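Trainee: Please see the structure below; I have some questions.
Here, each number is a calculation from the coordinates, and none is a lab measurement. Fair warning: this is a prediction, and the values are worked out from it, not measured in the lab. When we count neighbours, we look across all protein chains shown, and the Cβ atoms used for this are built from the backbone with ideal geometry, even at glycine.
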Amino acid sequence: MAAVSNPVPRSLGRVLGLVAFGVLVLALRPPPAAGQTTQLDRGREVYDRWCASCHGFEGDGLGPAAAWMLPRPRDFTRGLYQIRTTAGGAIPTDDDIMRVINEGMPGTTMPGWEGQLGRGDREAVLAYLKSFYPPFETLAAPEPLDFGRTPRASPERIEEGREFYQSIECWQCHGDEGRGDGPSAPELEDDWGYPIRALDLTENWRFNGGETVEDIYRRLRTGLDGTPMPAFQDLVDAGFMTDDQLWNLAHFVRSLAPEQRPRVREVIRADRREPGELPASVDAEDWSEVEAFWFPLVGQIIVPPRWFEPAVHGVWVQALHDGQEIAFRISWSDRSQSPDPRWMEWQERFLEVMEPREAGEVEPEARPDQFVLQFPPTIPEGMDRPYFLMGRGGDPVYQWRWRSDQDGAEPANAHGIDDIRPLDGRIEADARWEEGRWRLLLRRSLEPTGTGDRLHFETGVSIPIAFFAWDGDHGEDGARGAISSWYYVHLLEEPPPSVYVSPLVAFVLTGGLGLFVISRAQRRERRPSEAGEGHELAGSADTDDRPRTTDGTDASMGPEADLGRP
Amino acid sequence: MRTRHRTAKAATGLAALLVLAGGVVGCGDDDDAPAQAAQAEMPFDVATAGHVQGMVMFEGTPPPPVSLDMSSEPECDDHWNGQTQREEVAVQDGHLANVFVYVKEGLEDLTFPTPQQAVVIDQVGCAYTPHVSGVMPGQTLTLRNSDPVMHNVNASPQVNRPFNFSQPAQNMETNRTFTSPEVMIPLRCDVHGWMQAYVGVVAHPYHAATAQAGTFDLSELPPGDYVIEAWHPRLGTQEEQVTVETGQTAEVSFTFTEAMLATAVVPLGDPIDPHDHHSHVHHVAPTGRTR
């Protein structure tokens, strides 16, 4: 053992020797001024390679890819940084900048570089970024604010936070329920004149400065420089609100988003209801008891005209069936019920600044919101599925297409994103837009309803499903929209009561078996001569009961296991 | 520090001037700024001072005023009795208001004391009053909210550091200072997109915004030769040279014309032209953004 491990320390020694030599060489290098230049050179090299295509070779935020993005990449020449621990309008600390380099900015195109670039490279880039704004050298060193301790969230705190949300009029931009749909939202622009969205506070995983209540509190204190979001430090300084109350506001904002960041699960579980007991409307109370599954949507960037900044970033999907019909309820944030004249200005400004324009200029128009639920035309054997992006010629997909300007939804076969062939048949739809959110109920019989409509929703198998969403006031239509990949919906076979009954049956049977075994053993003790027979009997009782118990467990647990839920 | 420019077109969305029927907008506290400054130690013998007076004219037809929809803020709507009009170019009898006039060159060698008195910009009826004003570096700029509605004040300078704060309650006041000369710094309210104001920061007290009669007054200047600049948010800039002699009042006039609406370049912390995606490797002055 010792002999085997001997070479390791020896080579380690060699490495250490090299490191020591390296340190010596570094120590003997030219004086610090030249070292600074060297770091800037290294920073420039890394920056030009990894950062400039978005942020521009001169740091002005105008790299070749910038026009495909909104929010635009930051212009470093003005020394404005959103995510800071320093006061509103102040320059950031090095740690502030490094945090963004390391972690990126959720909800934007800025990725985190911690795992991609070595520490030295990142530090060099940081120094180089600062060089785009010379006052970094002359301004007083930035002082991080003292943010104190986080008070524990409580219903009272959240409620008081809600009152401040009202009284300091956060809703003017962020909307009454925080989905970024306030009356001023369509007009917002950043310091560079680009349209900017009021944040949807229900999707905290897209907060560019982080999702925690501490992150939110800091953004409230310091503001987001270069954007319409003000700093509220002044309100605390002026005695308008206390620091504690600002924390309450942060807790309230945090409470608008789910407690846990939604996990993507592959399979929607469609519970089975008694026949005729599917919720009839989109806002039926029953839906509140149905588990919602979240699916991310991304811009369609596969076929021209590609769309890099979609309005919809995810959908919540619930599903139920009753053995005769299947119903889906889909919810997603959408700042307007398109077409909304108040958002026309937004659409004009947005379309004006966005690339690419592969199908020519996109004209601002009064367009509806749209949603598509997509399935294969029939349940596929094995893992074969049609092309997720609306099928191909000869290998179509089956879709339920809904538009906000029409009643109901239309079934269609799609042979490609621009080859939609309507079918007859009936899809019921019930839609409601409220407070920056669409909720849409789509419902069809499990049996196909028209000619050409062949999808029979079977229970007990996983059926592929995909989602598409368009926000008309965001200029979306056709290929310009948000898409998902394939997921599954699984219609449960057993009506829900079995879920609760089966464990009870299993409990009774197991208990009964136990009592039986004990009483047999006691009888055997009393009659030792019949021991052999007793073993046999106990064994047969075991085999009689066990399959039934297992059956019961399978009925309740099997489908769940099939769902692949983590 | 590079300077960006905007064209006259680009300023369209920003040049919000509310003209109340019969109301007065424009002239700020700046006119008596030299007098305030004179209270402190001036860097020249005031007995030798001369004066500059002048007028800014407009030739042609100004763009028609735009009616603002303030229905989202009934208090503001009521303030104007529903008569909410935005004049990008405020002209009365050929006289142009809201022009920032200041000594651009000729005072470089002198250091002037910072006035103790604050310059106040009020928010009344969802409009900034005055629309154009000036301060010295270090001089207090007070933003007051006289409205019973929430405003934020978002300053986006190029040279100075920015600020953006909220004033959710009536009669709130917030003070800020700028550190460096900069003509001009735009202020905006993001909640009410029509609200815009401009602040010039100059290193001496010789600056003024023209009143509705188009007049301005730069008094008690040291004798010497000066370049005076007139800046308008929509019409751009003009320069005139003037010689000030002890005890005399030199007259200077500027004339902006209708034609400048289409061509003027307005120095300002301007949004980058969103159309000009690819040509920014060199800092070319953008061609402006149309709205």
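Trainee: Where does segment A:31-138 land on Rg(C-alpha)/(2.2 N^0.38 Å)?
Mentor: So segment A:31-138 has a normalised radius of gyration of 1.02.
Trainee: Using only Cα positions of segment B:5-267, each an equal point scatterer, no hydration layer, compute I(q)/I(0) via Debye at q = 0.12, 0.14, 0.17 Å⁻¹ and quote the log10 values to two decimals.
Mentor: Normalising to I(0) and taking log10 leaves -0.69, -0.93, -1.34.
Trainee: For segment A:353-431, divide the Cα radius of gyration by the Kirkwood radius and give the resulting Rg/Rh value with two decimals.
Mentor: Across segment A:353-431, the Cα-based Rg/Rh ratio is 1.05.
Trainee: Report D for segment A:103-182 in µm² per second (integer): Stokes-Einstein, Kirkwood Rh on Cα pairs, 20 °C, 1.002 mPa s.
Mentor: 124 µm²/s
Trainee: Determine by what factor the alpha-carbon radius of gyration of segment A:267-491 differs from 2.2 N^0.38 Å, reporting the quotient.
Mentor: Working it through for segment A:267-491, the quotient is 0.99.
Trainee: From the residues A:Ile330, A:Tyr387, A:Ile417, which one has its Cα farthest along the dipole of segment A:297-417 in the positive direction, the dipole being from +1 and -1 charges on Cβ of Lys/Arg and Asp/Glu about the Cα centre?
Mentor: Positive-end residue among those listed: A:Tyr387.
Trainee: Here's something else I'd like to know. Quick check: the distance between the Cα centres of segment A:406-432 and segment B:104-176, to the nearest angstrom?
Mentor: So the separation of the two Cα centres works out to 56 Å.
Trainee: Moving on. Which percent of the Cα-Cα distances in segment A:280-325 go past 16 Å?
Mentor: Taking all Cα-Cα pairs of segment A:280-325, the fraction more than 16 Å apart is 58 percent.
Trainee: Could you give the semi-axes, largest first, of the ellipsoid that matches segment A:155-255, computed as the square roots of 5 times the alpha carbon gyration tensor eigenvalues and rounded to whole Å?
Mentor: Each semi-axis is √(5λ); the values are 20, 15, 13 Å.
Trainee: Treating only the Cα positions of segment A:255-309 as identical point scatterers, give the base-10 log of I(q)/I(0) from the Debye formula at each q in 0.17, 0.30, 0.31 Å⁻¹.
Mentor: For segment A:255-309 at q = 0.17, 0.30, 0.31 Å⁻¹, log10 I(q)/I(0) is -0.83, -1.22, -1.24.
Trainee: While we're on this one: Taking amide H atoms as placed 1.01 Å from N in the peptide plane, list the residues 5 or more away in sequence, or in a different chain, whose amide H sits under 5 Å from that of B:Gln92.
Mentor: Sorted by chain and number, the residues that satisfy this are B:Ala97.
Trainee: Could you give me D for segment A:388-458, from Stokes-Einstein at 25 °C and 0.890 mPa s, where the hydrodynamic radius is the Kirkwood radius over C-alpha pairs? Units µm² s⁻¹, please.
Mentor: Calculated translational D: 188 µm²/s.
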